[in-house]
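Values in this text are rule-based calculations from the coordinates and carry no lab data. What you see is a predicted model, and the numbers here were worked out from it, not measured in a lab. Here the Cβ positions follow ideal geometry from the backbone for every residue, glycine too, while neighbour counts run over all protein chains shown.
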């Protein structure tokens, strides 16, 4: 897996991490009650930070409060070469698409093995003066 939640963070809001293809992933966060304007996503050097800030509802007296509306910060450690491709918000779920993009110079490459004649250094005769 290329994305893991930081162990020091809470598990709220609940989230899923799914693979959507070869080297492609999606993180889904259940952020019911938040609007897209109250959410922010920051990608910085192998860390993805998602924050939610919501103003408290003034004058509301809850008999039961099952939908958590507190501000939150959720961090995910990303593997090398994993980049954020985009984000969508629908029906209270924030989806963040990730892809692993390994540059050509970092990909493994095959090295040819010679027969030994071409790479052998020329022998120079050593004579005493």
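Taking the Cβ of each residue in 37, 61 as the centre, tally the other Cβ atoms inside 10 Å and list the residues starting with the fewest. Can you show the working numbers first?
On the way: 37 8, 61 5.
In increasing order of surrounding Cβ atoms, one gets 61, 37.
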- For region 3-104, what class follows from the C-alpha gyration tensor (a ≥ b ≥ c being the square roots of its eigenvalues): rounded when a/c is under 1.5, otherwise prolate if a/b is larger than b/c, else oblate? prolate
- FRET efficiency (residue 12, residue 107; Cβ distance; R0 35 Å; to 0.05) is 0.35
- Task: May I ask you to sort 68, 107 by Cβ crowding, counting other Cβ atoms within 10 Å and putting the fewest first?
- Result: 107, 68
- Query: Tell me, 39, 29 in order of fewest to most beta-carbon neighbours within 10 Å?
  - Reply: 39, 29
- Message: Test of understanding: what is the full-extension gain from residue 28 to residue 88, defined as 0.36 nm times their sequence separation minus their Cα-Cα distance?
- Response: 20.7 nm
